[in-house]
Each structure stands twice: as structure tokens, then as C-alpha cells.
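Novice: I have a structure I would like to understand better, so I am pasting it below and will then ask my questions one at a time.
A short reminder: the numbers here are calculations on the coordinates, not readings from a lab. Here the structure is a predicted model, which is why all the values come from computation and not from measurement. No Cβ is skipped: glycine too gets one built from the backbone with ideal geometry, and neighbour counts run over all protein chains shown.
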Amino acid sequence: MKTIYYNGQIYTGELPLKQAFVEENGHFLYAGDSETAKSMAEPGDALIDLRGRFVCSGFNDSHMHLLGLGKMLRQALLSEHTESLSDMLACLKAFEGQPEDTGLWLLGRGWNQDFFTDVHRMPNRYDLDTVSTTRPICITRACGHCLVVNSKALELLHITEETPSLEGGVIGKEDGVLDGRFYDNAMDLITAAFPAPSKEEVKQMLRVACKKLNSYGVTSCQSDDYCMFRNVPWATVNEAYRELEESGELTVRVYEQSNHTTVEDLREFVEAGNVTGAGTDLFKIGPLKMLGDGALGARTAFLSIPYADDATTKGIPVFTKKQFEDMIGYANAQGMQVAVHAIGDACLDWVLGAIEKALKENPREDHRHGIVHCQITRQDQLEKIKELNLHVYAQTIFLDYDINIVEPRVGKELASTSYRWKTLMNDGVSVSNGSDCPVELPDVMAGIQCAVTRRPLKSAATDTSKVYHPEEAFTVQEALDSYTTKSAEGSFEEKGKGKIQKGMLADFVVLEQNPFETNPEELKDIAIYATYLGGKRVYGK
């Protein structure tokens with residue numbers, strides 16, 4: 001049976017817009033004018049009037065943490081209460097009396113001290129002690145690279161000033177006394193104490209997260225999940241996905257960015273048959289994912305120079321140069337794709353060097369190795385990315401916050417060559433888009449607005465002082481492509497999805513307004529009317 005959609009504004013991946021398309025057996029059969037589409041109808045076929053609505057390929061978030069989103073939705077959502085420290089603490093107090101699936105722990109995520117209006121610092125253990133001195137509390141910063149615990153948590157975990165940090169991490173102290181803050185790998189000292197969720201709990205988190213993505217028009221994601229619960233084996237996560245697929249409950253196509261931290265773990269993974277591309281259209285193994293450094297907001301991104309607003313630090317490399325070389329070299333030799341988180345330029349130096357070395361040792365014509373984030377960059381690094389033919393996984397939604405801090409953090413000179421995704425695109429680099437959810441919500445239309453305006457979402461249209469490198473702004477078409485066709489390129493799937501064209505998977509989203517005809521400062525307000533996966537509605541009316 002065919003379904004004919006007509007009287008719409010259809011972006012097929014090319015301009016001009018079409019009027020209609022036809023879906024059959026989960027694939028697109030035709031895209032063109034309404035009369036031709038309706039003429040293909042046979043007895044039993046369905047005809048749907050789009051009433052002028054805009055339709056494009058389903059959005060593909062090219063870097064996020066689907067399991068992390070499901071995990072966050074079970075915690076106190078601090079991102080909605082981060083305008084002040086007092087408001088954040090009030091949110092935790094209100095949440096304290098609710099039942100917790102993590103046992104005694106009170107968990108929250110989403111705070112950002114740069115938004116606090118009552119203090120100008122990160123929260124510390126003593127702030128959390130005002131919420132509870134009897135229940136352990138752990139709150140994770142929006143970026144996911146820093147967390148804070150209260151005194152009760154330190155007591156329960158027997159962490160003292162003498163406790164050594166883990167390599168690639170820092171335990172926070174003030175005047176030699178623990179302040180409750182833990183950065184990057186040191187966070188494992190806390191999170192390792194949380195009870196491991198069962199496979200059924202993992203499945204439930206994924207169900208909820210998939211539905212959340214569908215509500216934003218997302219039908220595919222490239223997800224880094226193995227690091228969300230270090231005490232849950234990767235095999236359990238894979239089983240959870242495959243069981244959801246078998247039961248028909250997986251409403252997002254997942255390309256697993258496989259996070260491993262040692263060559264031994266990676267070898268075990270590969271030898272079990274987990275190589276890039278293994279799987280189905282709904283769940284398949286993607287690249288080796290490595291977390292190279294921290295985040296700009298927490299001053300843990302690894303820079304080549306000291307931070308402009310804190311000369312005592314250059315940030316934190318999570319791996320050594322040799323570890324990058326060993327991991328990337330092994331993955332490349334095994335035919336695996338590689339995707340490495342690199343926010344600071346010093347981290348990017350190490351990653352680019354390791355990829356170049358790996359490709360010299362084992363040349364590959366279409367490797368599609370990539371850089372996740374690719375934020376703080378120098379001109380020579382932009383040229384090297386082009387030379388190595390890398391893919392870049394950008395997050396234009398980060399501009400909403402980072403515009404306010406990038407120059408104060410890294411200085412004017414380094415800021416002038418950073419967040420240069422349009423430059424890379426113009427040089428022929430494939431640049432996809434995503435949210436790094438739960439760092440940000442997977443709000444595609446907000447990400448598209450930031451890509452097009454290069455301004456904070458709440459900035460007035462006349463506030464040109466908040467525009468960051470306007471010459472790097474995407475066109476609306478480029479922004480849509482970054483969430484569709486370019487994301488498909490990031491997972492070697494551009495021949496199967498990302499466009500409304502004959503033979504491609506019928507994943508599509510229906511919007512209430514046409515982005516090409518919308519004021520750039522109002523793109524974020526375009527509502528999602530419906531979302532379809534393989535021709536079946538997974539969200540909307």
C-alpha cells in the first residue's frame with residue numbers, strides 16, 4: 001500500500017521545493033508535483049493533504065548520548081533552574097522528596113555557573129550541604145565534564161584530601177581542602193559508586209529518550225552510550241538496543257559511537273564482530289569514539305596556551321599522545337572509523353597527529369575519521385582537517401552559550417580562528433550537526449537558528465554586538481543539510497537516507513512553517529507537527 005502526501009512544501013535535499021511525495025514499504029517512491037503523485041494512487045492507497053506544511057528528511061543528530069538523555073530525564077533538570085545558585089538549590093530541595101531509582105543518591109544535571117546572577121563561581125560541597133547533610137548529592141554541569149557532590153557523598157565514598165585523582169582528571173580543592181568538585185576522569189571516583197541499572201532499566205531509559213527525540217523531529221542519531229554507565233558492559237547496551245528493535249520499540253535509528261578507553265577493550269570489542277557498519281538500518285556499530293579533553297565552560301578543554309581568564313591552567317587532556325596514537329592506529333588498521341572529541345586546540349594537535357600517523361601506516365581511501373566539536377582551532381589545523389579529508393561533527397547550538405565566553409576564555413587571537421565550521425564547509429569538508437545531548441536539548445530548530453544567525457537564542461535581532469563571526473553563518477539550506485544529508489555522510493549512509501528521493505528510507509518530519517520563509521530569529525519557534533520513521537508516524541497527529 002502506498003501513501004501519497006500532497007499539497008505541501010517539500011525539501012527533497014535540493015531546491016526548488018516540491019509539492020508532494022509518495023511512500024511505500026518504508027521507502028520514498030516519488031517526489032514531485034501533487035497531480036503526478038495523486039495519479040499514482042490505486043485502490044487501498046492513502047492520500048494525505050499536507051495543507052501547505054513544510055516537510056524535509058528526518059533530522060539526524062550526529063553526536064549525542066541517547067542513553068544519557070534517558071538518564072537525565074530521571075534526574076532533577078537543573079538546566080531549567082540555572083539563572084542563579086539559589087534557584088538551583090531550591091530545585092534540588094523540591095526534588096529531594098521524590099523517589100529515586102538510584103537508591104539514596106539525589107542526582108541533578110544541567111547547571112552552568114556562567115548563568116548565575118547571585119554568585120560568580122561554581123557550586124561547591126557546602127552549597128549542597130544546605131540541601132541535605134544526610135543524603136549524598138551529585139550534580140553534573142551542563143557540559144558533563146564537571147560534577148559537584150556534598151560532604152555526605154565524600155564521607156560515604158571515603159574520599160579525602162589524600163585521595164589520588166585518576167589520570168586525565170582533577171579533584172577540586174580550595175586552600176588544600178576538598179571543595180566537592182570533580183573534573184573529567186576524576187568524576188569516575190563518584191559515578192562508580194552509583195548502582196548499575198539493569199538491562200530493563202536501560203531499555204526504559206532508551207524508550208523515553210527516543211520519544212523525546214521524535215518530538216524534536218529526530219529520526220536518526222549517532223550516539224555515544226557506553227560511557228554513560230561505566231559499570232554497565234557495552235554488550236548489555238547492545239542487547240538492550242537489539243531487543244527494542246525486535247519488539248518494534250526503537251523509534252530512532254542509532255549509529256553507535258563506540259566509546260572505549262584502552263586498546264585491550266577495543267580489541268575485545270572488535271574481535272566480537274563489532275566493526276563500523278555492522279548491524280541493521282535501526283542499530284549499527286559506528287566509529288571508535290574517544291573523549292579527548294574537557295569543555296570550554298569548565299576550563300578543562302586542553303589549550304596550547306593558558307586560559308585568558310585563568311592563567312593557572314591550560315585544561316585537561318584525557319589521553320596521552322601515545323594513547324591517542326595506539327587507539328586510533330589500532331582502530332584504523334581494523335577498518336574502523338574514528339570520531340574524537342576535541343574542543344581545545346592542543347587536544348586537536350594530538351588527535352590530528354595520531355590520525356595522520358595511522359593513515360600513513362595503513363592508508364584508507366574513504367575512512368571518514370572525524371573530529372567531534374572542533375571548536376577552538378587555528379588556521380593551520382583547519383588546513384590539516386581538509387588535507388586529511390576528515391568529517392567534522394559540529395554543534396551550532398553551542399553558540400547560544402559559547403558566544404559569551406569564547407574570547408574571555410581563550411583570548412582574541414585564538415577566538416578569531418575558532419568555530420569556523422562554514423570555512424571548513426567551503427573548503428569541501430563534510431560538516432554535520434548535532435546537540436551533544438544531554439549537554440544541550442536535541443532541539444534541532446534551535447540549532448538551525450544558531451547556525452543561521454550566529455547569535456544567542458535570546459539575543460534581540462538588533463543586538464549585533466552578540467554576533468560571532470557573521471561570515472561563518474550557514475544558509476537555511478546548509479543548516480538543514482547539516483542535520484540531514486551531511487549527518488548521513490558521517491555514518492556512510494548518504495545513499496540510503498537524508499533526502500526525500502526515490503529509494504531512500506521514508507524518514508521525514510513535518511513542520512508547521514517553512515524555514516526558508518521564516519525570520520531567522522524565529523526559526524527556533526517553528527513547531528514540529530509530526531515525525532515519521534520508515535513511513536510510520538512516531539510523533540504527532
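Novice: Considering every Cα-Cα pair within the stretch 403-541, what fraction, in whole percent, is farther apart than 26 Å? It would help to have the intermediate numbers written out before the result.
Specialist: Working: 2717 of 9591 pairs.
In whole percent, the long-distance tail amounts to 28.
Novice: Something else now. How large are Rg and Dmax for the stretch 204-311 when only the alpha carbon atoms are used, in Å?
Specialist: Radius of gyration, then largest Cα-Cα span, for the stretch 204-311: 16.6, 54 Å.
Novice: Check each of the trypsin sites (Lys or Arg not before Pro) in the stretch 64-171 and keep only those in coil by DSSP with at most 12 other C-beta atoms within 10 angstrom; list them in order. Before the final figure, lay out the partial values.
Specialist: On the way: sites: Lys71, Arg74, Lys93, Arg109, Arg121, Arg125, Arg141, Lys152; in loops: Arg74, Arg121.
The qualifying sites are Arg121.
Novice: Classify the stretch 68-191 from the C-alpha gyration tensor, please: rounded if a/c falls under 1.5, else prolate or oblate depending on whether a/b exceeds b/c.
Specialist: Numbers: a/c = 1.43, a/b = 1.26, b/c = 1.13.
Here the stretch 68-191 falls in the rounded category.
Novice: Would you grab the residues whose amide H sits under 5 Å from the one on Phe54? Only those 5+ places off in sequence or on another chain, please, with H modelled 1.01 Å from N.
Specialist: The list, which skips near neighbours in sequence, is Gln9, Leu511, Gln513.
Novice: Further, regarding this structure: Could you work out [θ]222 nm for the chain from helices alone, using -39500 (n - 2.57) per DSSP H run of at least four and dividing by all its residues? Round to the nearest 500 deg cm²/dmol. Before the final figure, lay out the partial values.
Specialist: Details: 19 runs with 160 residues, N = 541.
Theoretical 222 nm ellipticity from helices: -8000 deg cm²/dmol.
Novice: Oh, and also: May I have the convex hull volume per residue, in Å³, for the Cα set of the stretch 375-438?
Specialist: Details: hull volume 5.2 nm³, N = 64.
Roughly 81 Å³ of hull volume per residue.
Novice: While we're on this one: Order of Val372, Val406, Val119 from fewest to most other C-beta atoms within 10 Å?
Specialist: Going from least to most buried by this count: Val119, Val406, Val372.
Novice: Going by alpha carbons, how many degrees (0 to 90, nearest 10) lie between the helix axis of 199-215 and the longest principal axis of the chain?
Specialist: The two axes meet at around 60 degrees.
Novice: May I pose another question? Just in the stretch 27-61: which trypsin sites (Lys or Arg not before Pro) are loop by DSSP and have at most 13 other Cβ atoms within 10 Å? Mind showing how you got there, number by number?
Specialist: Details: sites: Lys38, Arg51, Arg53; in loops: Arg51, Arg53.
Sites meeting the loop and neighbour criteria: Arg51.
Novice: Let me ask something else about it. Return the loop-located GluC sites (Glu not before Pro) in the stretch 448-541 (DSSP other than H, G, I, E, B) with at most 14 other Cβ atoms within 10 Å of their own Cβ; answer none if there are none. Display every interim value, and only then the final one.
Specialist: Details: sites: Glu471, Glu472, Glu478, Glu489, Glu493, Glu494, Glu512, Glu517, Glu521, Glu522; in loops: Glu493, Glu494, Glu512.
Passing both the DSSP loop test and the Cβ count: Glu512.
Novice: Ignoring solvent entirely, what values of log10 I(q)/I(0) come out of the Debye formula for the chain at 0.07, 0.08 Å⁻¹ when each Cα is a single scatterer?
Specialist: The computed values of log10 I(q)/I(0) come out as -0.38, -0.51.
Novice: Starting from the amide H of His27, placed 1.01 Å from N in the peptide plane, find each other amide H under 5 Å away whose residue is 5 or more places distant or on another chain.
Specialist: Correct list: Ala506.
Novice: Need one number: % antiparallel among DSSP beta bridges in the stretch 68-191, to the nearest 5. The partial results should precede the final answer.
Specialist: Numbers: 11 of 18 bridges.
Bridges in the stretch 68-191 that DSSP calls antiparallel: roughly 60 percent.
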